[in-house]
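Undergrad: First the structure, then my questions, so here it is.
The values are calculated or read from the model by the stated rules, or taken from the named source; none is laboratory data. Just so it is clear, the model here is predicted, and its values are computed rather than measured. In this analysis, Cβ positions are derived from the backbone assuming ideal geometry, glycine residues included, and neighbour counts consider all displayed protein chains. Side chains included, ligands, DNA and RNA excluded: accessible areas come from the protein's heavy atoms. Shrake-Rupley method; radii C 1.70, N 1.55, O 1.52, S 1.80 Å.
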Amino acid sequence: KAAAKAAQDKLVADYVARIQAAVQRKVVLPPNLTGKEEVRFDVVLIPGGEVLSATPRKSSGNPAYGAAVGRAIQAAQPLPVPSDPELFQERFRELTLVFRPKD
């Protein structure tokens, strides 16, 4: 049972990394970033990977960076999500994603 949980956690981490990479590719970084900014978004997805909503949860202190990440989340649709409906519902329906310009 522990091995199955570890395998599922690894799969979840892999998909979260894929989602963050897809969004990062679409972010157009504004000028004057220190590199220490961090923005968190609560993202609600539907099973095909489309974004139902992306709400900023924690501002980076740089509104331009937060707006750029918000636009990138929308532009990166459909996001890569697992095809297993149960796993999607448990772990990917509502996600909190963290973005930093230097990651």
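Undergrad: Efficiency by 1/(1 + (r/R0)^6): what FRET value for ARG100 and LYS1, r their Cβ-Cβ distance, R0 = 30 Å, to the nearest 0.05?
TA: 0.30
Undergrad: With axes computed from alpha carbons, what is the tilt in degrees of helix 2-26 against the longest principal axis of the chain, rounded to the nearest 10 within 0 to 90?
TA: Tilt relative to the chain: about 30 degrees.
Undergrad: Further question: Okay, helix-only estimate at 222 nm for the chain: each DSSP H run of n ≥ 4 adds -39500 (n - 2.57), divide by all residues, round to 500 deg cm²/dmol; what do you get?
TA: Helix contribution divided over all residues of the chain: -12500 deg cm²/dmol.
Undergrad: Of ALA67, ALA54, ALA2, which is farthest on the positive side of the dipole of the chain, counting Cα position, with +1 on Lys and Arg Cβ, -1 on Asp and Glu Cβ, and the Cα centre as origin?
TA: Final value for the positive-end residue is ALA67.
Undergrad: OK, next. Within the chain, what's the longest stretch lacking trypsin sites (Lys or Arg not before Pro) that sit in DSSP loops with no more than 12 other Cβ atoms inside 10 Å?
TA: 37-101
Undergrad: Now, a different point. Note down the Stokes-Einstein diffusion coefficient of the range 47-103 in µm²/s, whole number, using a Kirkwood radius over alpha carbon pairs, 4 °C, and 1.567 mPa s.
TA: Diffusion coefficient, whole number: 103 µm²/s.
Undergrad: List nothing, just return the count: lysine pairs in the chain, 8 or more apart or interchain, with Cα separation under 21 Å.
TA: Lysine pairs satisfying the spacing and distance rule in the chain number 7.
Undergrad: In the chain, what percent of the accessible surface is made up of carbon and sulfur (1.4 Å probe, ligands and nucleic acids excluded)? Let's see the in-between values first.
TA: On the way: 3310 of 6170 Å².
C and S atoms contribute 54 percent here.
Undergrad: I'd like the per residue volume of the convex hull spanned by the Cα atoms of the chain, given in cubic angstrom.
TA: 93
Undergrad: Go through the range 30-42 residue by residue and turn each phi into a ³J(HN,Hα) via Karplus (6.51, -1.76, 1.60, θ = phi - 60°); whole Hz please, and just put x for glycine and proline.
TA: x, x, 6, 8, 8, x, 9, 5, 9, 10, 10, 10, 8
Undergrad: Just want to confirm a number: the relative contact order over the chain, from Cα pairs under 8 angstrom separated by 6+ residues, in percent. The partial results should precede the final answer.
TA: Details: 147 pairs, mean separation 37.6, N = 103.
Once normalised by length, the contact order is 36 percent.
Undergrad: Taking a probe of 1.4 Å, how large is the accessible area per residue of the chain, in Å²? Please list the in-between numbers first.
TA: On the way: 6170 Å² over 103 residues.
Counting only protein heavy atoms, the per-residue value for the chain is 60 Å².
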